[in-house]
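The next block holds one structure in the form of structure tokens; read it before the comments.
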Amino acid sequence: MNTTSTSAATAGAVTFVWLGMVLAISFLEAPLKFRAPGVTIPVGLGIGRLVFRALNAVETVLAAVVIVTVAVGGAPAGIIALTATVTALLAVQLAAVRPVLNRRSDRVLAGEDLPRSRSHLWYVALEILKTAALITLGIALSAS
């Protein structure tokens, strides 16, 4: 393959770190926090906002590192496409879904009683797609 081994190894390691963070926070911490004794919906939302703000900031940095290492390493088109896919999924989460979720959680934290959000389902769906794309990208980088 055209990708230099150092670039591929770096991008692969960063991709798997990113994947681990998404799995640990989105699919483990997020649902479990609401099962802890004494954690109300407003408290859980407050914690979730902080945790996901931090996760998304780290994801943005990790995405930048993957983009740079893939670009510098002269990656083949398939790896470039996977990198673009993962980055696009994150961008949609951050630019389209998170603002809607933030406005809704502001209302809940202000005391409004609202039904479950469809935007939350969109975020979860994008998170599942991003997870699949990260796995595929990490494997492709490991194989290059």
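The values are calculated or read from the model by the stated rules, or taken from the named source; none is laboratory data. The model shown is predicted, which means the values in this text are computed figures rather than measured ones. For neighbour counting, all protein chains shown are included, and Cβ atoms are generated from backbone atoms with ideal geometry for every residue, glycine included. Side chains are part of the model used for accessible areas, which takes the heavy atoms of the whole protein and leaves out ligands, DNA and RNA. Shrake-Rupley method; radii C 1.70, N 1.55, O 1.52, S 1.80 Å.
Just wondering, is there one or more residues in the stretch 123-134 that are open to solvent by 70 Å² or more (accessible area, probe 1.4 Å), under 17 Å from M21 (Cα atoms) and of a type outside the set (K, R)? Full working, then the answer.
Of all residues in the stretch 123-134, those open to solvent by 70 Å² or more (accessible area, probe 1.4 Å) come to 128-129.
Now restrict to residues that are under 17 Å from M21 (Cα atoms): 128-129.
Keeping just the survivors that are of a type outside the set (K, R) gives 128-129.
For the stretch 123-134, residues open to solvent by 70 Å² or more (accessible area, probe 1.4 Å), under 17 Å from M21 (Cα atoms) and of a type outside the set (K, R): present.
Can you tell me which of (1) closer than 14 Å to T15 by Cα; (2) in contact (Cβ under 8 Å) with a residue 12 or more places away in the chain; (3) more than 13 Å from the chain's Cα centre (by Cα) is the one L45 doesn't meet?
Among (1) closer than 14 Å to T15 by Cα; (2) in contact (Cβ under 8 Å) with a residue 12 or more places away in the chain; (3) more than 13 Å from the chain's Cα centre (by Cα), the lone unmet condition for L45 is (1).
Do the conditions hold for I25, that is, is it among the aliphatic types (A, V, I, L, M), surrounded by 15 or more Cβ atoms within 10 Å (Cβ to Cβ), farther than 17 Å from T136 by Cβ and modelled with pLDDT of 95 or more? It would help to see each step written out before you state the result.
Numbers: among the aliphatic types (A, V, I, L, M): yes; surrounded by 15 or more Cβ atoms within 10 Å (Cβ to Cβ): yes; farther than 17 Å from T136 by Cβ: yes; modelled with pLDDT of 95 or more: yes.
Yes: the conditions hold for I25.
Using the structure shown, decide if L141 is more than 22 Å from S7 (Cα to Cα), touching a helix residue (DSSP H, G or I) at 6+ places or on another chain (Cβ under 9 Å), surrounded by 14 or more Cβ atoms within 10 Å (Cβ to Cβ) and of a type outside the set (S, T, Y). Let's see the steps before the verdict.
On the way: more than 22 Å from S7 (Cα to Cα): no; touching a helix residue (DSSP H, G or I) at 6+ places or on another chain (Cβ under 9 Å): yes; surrounded by 14 or more Cβ atoms within 10 Å (Cβ to Cβ): yes; of a type outside the set (S, T, Y): yes.
So L141 does not fit the description; no.
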